[in-house]
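Okay, so here's the structure we're looking at.
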Amino acid sequence: MRALIERSRDAGAPYTVSKVFSDKADAAGLELARNLGIPAQALAAAGTADRDAYDRALAAAISDCRPSLIVLAGFMRILSAQFVTDFAGRILNIHPSLLPKFPGLHTHRRVLEAREPQHGATVHFVTERLDSGPPVIQARIAVTANDDESSLAARVQTQEHRIYPLAVRWFCEGRLRCNEGQAWLDDQPLREPVQFTDAE
């Protein structure tokens, strides 16, 4: 979130961050956003709250901002099918793995356990299926013999801060879109996500 806000203030940036939402009232990101001058709101949900009712409230609050794009950054709730439909093609997420490998949680641990030679992050459009929307861009890093979960997470996060603002920029410049379950960049379908390595 901080990286997205900071990049929005670069000269010539094509987007602004209008508001930050969290489903946790004590989320550190809320205070961070406010300290950076961005309005922030908690829409806290009890563990037993009806998911559809919560998503309707969230959709109403987001719609008040009239966003071109919704960007998920550490938002761990699974969005309802109706929410995704209402904002179809206008929700991006970043996942800390090279999707379709390792969807879901604990990706760094699972990569180490599987002895994968590479790890990374994927920006993708959000669909009803968890971590399965059309991929846009991936950053790859080599997994080293000295890596543990925390070192791997830190190195992946550095790459996330590079590729997420870039994908948001592409969308807000009109270069990136999602059409009929396919990501398109510069009017060409992305058969594979754009690739970045840690050497670039």
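The values are calculated or read from the model by the stated rules, or taken from the named source; none is laboratory data. This is a predicted model, so every value here is computed, not measured. A quick note on method: Cβ atoms are made from the backbone with ideal geometry, for glycine too, and the neighbour counts reach across all protein chains shown. Quick note on the areas: whole protein, heavy atoms, side chains included, nothing else; ligands and nucleic acids left out. Shrake-Rupley method; radii C 1.70, N 1.55, O 1.52, S 1.80 Å.
Would you confirm whether or not segment 92-107 contains a residue that is surrounded by 15 or more Cβ atoms within 10 Å (Cβ to Cβ) and farther than 30 Å from ASP147 by Cα?
no
So, in segment 47-81, of the ones that are under 23 Å from LEU32 (Cβ atoms) and of a type in the set (D, E, K, R), which residue ends up modelled with the lowest pLDDT?
This residue is ARG77.
Would you tally the residues in segment 134-161 being acidic (Asp, Glu) and either under 19 Å from PRO193 (Cβ atoms) or in a helix (DSSP H, G or I) (or both)?
Residues meeting the conditions: 2.
Restricting segment 1-41 to residues that are among the acidic types (Asp, Glu) and not in a helix (DSSP H, G or I), which is nearest to LEU72 (Cα to Cα)?
As a first pass, look at segment 1-41 and keep what is among the acidic types (Asp, Glu): 6, 10, 23, 26, 31.
Okay, now just the ones that are also not in a helix (DSSP H, G or I), so 10, 23, 26.
Values: ASP10: 21, ASP23: 12, ASP26: 17 Å.
Checked segment 1-41; the qualifying residue nearest to LEU72 (Cα to Cα) is ASP23.
Looking only at residues in segment 176-191 that are more than 18 Å from the chain's Cα centre (by Cα) and open to solvent by 60 Å² or more (accessible area, probe 1.4 Å), which one is nearest to GLN118 (Cα to Cα)?
ARG191
Tell me the residue from ASP52, ASP10 that is among the acidic types (Asp, Glu) and surrounded by 11 or more Cβ atoms within 10 Å (Cβ to Cβ), please.
Details: ASP10 fails: surrounded by 11 or more Cβ atoms within 10 Å (Cβ to Cβ).
Criteria check complete, one pass: ASP52.
Can you name every residue in segment 70-91 that is hydrophobic (A, V, I, L, M, F, W, C), assigned to a loop (DSSP other than H, G, I, E, B), open to solvent by less than 30 Å² (accessible area, probe 1.4 Å) and more than 18 Å from ALA42 (Cα to Cα)?
First, the residues of segment 70-91 that are hydrophobic (A, V, I, L, M, F, W, C): 70-73, 75-76, 78-79, 81, 83-84, 87-88, 91.
Now drop any that are not assigned to a loop (DSSP other than H, G, I, E, B), which leaves 72-73, 75-76, 78-79, 87-88.
From what's left, open to solvent by less than 30 Å² (accessible area, probe 1.4 Å): 72, 79, 87.
Within segment 70-91, just PHE87 meets the criteria.
Restricting attention to segment 98-133, which residues are assigned to a strand (DSSP E or B) and under 20 Å from GLY181 (Cβ atoms)? Give the steps one after another, and end with the answer.
Looking only at segment 98-133, we keep the residues that are assigned to a strand (DSSP E or B), and these are 118-125.
Across segment 98-133, the qualifying residues are THR122, VAL123, HIS124, PHE125.
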